[in-house]
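One structure is given here, and the rest of the page talks about it.
Read-outs throughout are calculated quantities, based only on the coordinates presented, and are distinct from any laboratory measurement. Note that this is a predicted model, so its numbers are computed, not measured. With ideal geometry, Cβ positions are generated from the backbone for all residues, glycine too; neighbour counts draw on all protein chains shown.
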């Protein structure tokens, strides 16, 4: 037996992390659900809305009522001994609804080239309120303007009421004959029961090359690393947050350039929630903008224009911020 085989056997048997950590082994970002920039509880979110960072969800049953939420592990109860993860993901369907065709959570991994043509293993921990049947899809999406790609559908997996690790192994299709477009990705989808009330908890998502589910690690192996990876796709500035310094260009207009925490995948799109909470302060004068919009943007900065101001002095510097319950959401998601 080679040293590599022995190490793999020890890791698989122990279920714990064995040094050295292999950066990038896990292609899932935020696989331990440690990062929740958008919030920690989502009641009946829209189809394809994001919840935990990098997690997209959907349930199209008519009349369905459900909550996706961050749940806290009691210390010492996380699924892997010695890995004291803080949070796990819960879907709680309280009203079944009817006519539904899907009920899922998924992650899109940037670039269809990821692990293409290779044998891969997806593993995850889960438990449910009673025996529940789930399945896993791996979907190679060639992106906008692309052609080709393939789907893998696993056989059914029956969850129990105790935390258990499950895994599926398959070989992804090669990219021969595929035309890769813009924003291609590899999706990992956990399909859950439809048109039924239920509670399913999950944690520890890992997608890796090979036919063995090795001990779980996050993509970066640090909390700060996972946050930085998530911020490549999404960044949020919350209430009572300074955005930065700007300039009064005209008596009614101000500009501000925000330096982003991480370089993003593409120049982001912005959502200005509660715009009246944004303010411009210049030499003791403070006021809200009537209109907020994009000035210029790039992958590492975002420029905002504030219009509809009154009584400011052109050429003066200004201080821009968010008060009250406003927030700024910048997205470069796939």
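Full extension of the chain between residue 299 and residue 269 gives 9.7 nm of extra length, using 0.36 nm per residue less the Cα-Cα distance.
Taking 0.36 nm per residue of sequence separation and removing the Cα-Cα distance, the residue 199/residue 286 pair yields an extension gain of 26.5 nm.
For the chain, the Kirkwood estimate of hydrodynamic radius, built from reciprocal distances between every pair of different alpha carbons, is 22.0 Å. Our summary of shape: the Cα atoms of the stretch 17-69 have principal axis extents of 49, 19, 15 Å, ordered from largest down, in whole angstrom. When every Cα-Cα distance of the stretch 200-254 is counted in 10 angstrom steps from zero, the calculated P(r) takes the values 16, 27, 26, 13, 11, 6, 1 percent. Build a GNM of the chain with springs between Cα atoms under 10 Å apart, and of 316, 236, 71 the one that fluctuates most is 316.
From the helices alone, meaning DSSP H stretches of at least four residues, give me the mean residue ellipticity at 222 nm for the chain, per-run term -39500 (n - 2.57), in deg cm²/dmol to the nearest 500. List each step's numbers first, then the result.
Numbers: 2 runs with 21 residues, N = 334.
Per the formula, -2000 deg cm²/dmol.
Of the residues 207, 159, 22, the one that moves most in a GNM of the chain with alpha-carbon contacts below 10 Å is 22.
Based on Cα contacts under 8 Å between residues 6+ apart, the stretch 222-279 shows a relative contact order of 33 percent. Annotation: for a label point projected 7 angstrom from Cα along Cα→Cβ of residue 131, residues of the stretch 159-202 with backbone N closer than 11 Å are 159-161.
For the stretch 235-331, what is one quarter of the convex hull surface built on the Cα atoms, given in nm²?
5.2 nm²
Multiplying the sequence separation of residue 313 and residue 151 by 0.36 nm and subtracting their Cα-Cα distance, what value in nm do you get?
Once the chain is fully extended between residue 313 and residue 151, it gains 52.4 nm.
With a Förster radius of 41 Å applied to the C-beta separation of residue 239 and residue 101, the computed FRET efficiency comes to 0.60.
Can you pull the semi-axes for the stretch 55-120, root of five times each eigenvalue of the Cα gyration tensor, sorted largest first, whole Å? Taking √(5λ) for each eigenvalue gives 27, 24, 9 Å, largest first. Remark: relative contact order (the chain) = 18 percent; criterion is Cα-Cα distance under 8 angstrom and separation of 6 or more residues.
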